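The values are calculated or read from the model by the stated rules, or taken from the named source; none is laboratory data. None of the values given here were measured: they were computed from a predicted structure. All Cβ positions, glycine included, derive from the backbone under ideal geometry; neighbour counts span all protein chains shown. Calculation scope for accessible area: heavy atoms of the full protein, side chains included, ligands and nucleic acids excluded. Shrake-Rupley method; radii C 1.70, N 1.55, O 1.52, S 1.80 Å.
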Amino acid sequence: MTSITVTINGTAYEGDVEPRTLLSDFIRHDCGLTGTHVGCEHGVCGACTVQLDGEPIRSCLMLAVQANGRSLTTVEGLARDGELHPLQAAFRECHALQCGFCTPGFLMSIEPALRSGASLEEPAIRELLAGNLCRCTGYRGIVEAVELVLRDP
Ligand code: FES
Ligand code: FES
């Protein structure tokens with residue numbers, strides 16, 4: 001076992017993990033942050049997306065030991081003072097989720113692009129979403145949510 005400390009949403013989490021432990025499993029099982037979902041476990045679906053130093057990554061493709069000493073943001077870190085992040089509010093407004101399994105991954109993939117201040121038209125929005133799979137919505141509502149938050153951040 002290896003002792004690691006990972007800062008997640010501003011809080012330091014310590015744990016003893018096997019070298020093969022996936023970061024997604026550390027986040028969910030050791031830290032109890034179950035907002036990060038696990039679907040395919042091989043980098044395809046995007047459900048496990050979190051941010052490492054502000055950039056989206058697949059937490060099922062990284063080992064927990066590789067995150068030692070690093071800083072992560074998970075979906076639990078988006079809301080502030082009990083208020084949904086504007087992107088979360090836009091998802092609710094535009095019916096951009098049904099079962100919600102994919103939603104944390106979409107939010108964590110999209111949010112850095114919004115933070116960068118990029119102005120995005122629909123083709124670029126769809127490209128931004130291309131790394132995340134949703135089996136329910138048909139993507140229309142998700143595109144509309146991103147358009148809404150770009151119009152009214
Ligand atoms: S669970 Fe990580 S990409 Fe699907
Ligand atoms: S809302 Fe069900 S998978 Fe996307």
Practice task
Would you be able to say whether some residue in the range 51-62 is farther than 20 Å from CYS134 by Cα, within 15 Å of the chain's Cα centre (by Cα) and open to solvent by 30 Å² or more (accessible area, probe 1.4 Å)?
Solution key: yes
Problem - Tally of residues being farther than 13 Å from GLY69 by Cβ and under 18 Å from the mean Cα position of the chain (by Cα) across the range 4-22 - result: 4
Exercise for the section: Could you please give the count of residues in the range 76-101 that are open to solvent by less than 20 Å² (accessible area, probe 1.4 Å) and either at pLDDT below 95 or within 16 Å of ligand 1 (Cβ to nearest atom) (or both)? Expected result: 1
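Which residue, of PRO104, PRO123, PRO112, is more than 16 Å from ligand 1 (Cβ to nearest atom) and under 19 Å from CYS48 (Cα atoms)?
Working: PRO104 fails: more than 16 Å from ligand 1 (Cβ to nearest atom); PRO123 fails: under 19 Å from CYS48 (Cα atoms).
Just a single option satisfies the conditions, and that option is PRO112.
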Problem - Which listed residue, of VAL50, VAL44, is assigned by TED's automatic domain parsing to the domain that holds PRO19, out of contact with any helix residue (DSSP H, G or I) (no Cβ under 8 Å at 6 or more places or on another chain) and modelled with pLDDT of 95 or more - result: VAL44
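Regarding the range 7-14, can at least one residue be identified that is near ligand 1 (Cβ under 9 Å from one of its atoms) and either surrounded by fewer than 18 Cβ atoms within 10 Å (Cβ to Cβ) or modelled with pLDDT under 95 (or both)?
Taking the range 7-14 first, the residues near ligand 1 (Cβ under 9 Å from one of its atoms) are none.
No: the range 7-14 contains no residue that is near ligand 1 (Cβ under 9 Å from one of its atoms) and either surrounded by fewer than 18 Cβ atoms within 10 Å (Cβ to Cβ) or modelled with pLDDT under 95 (or both).
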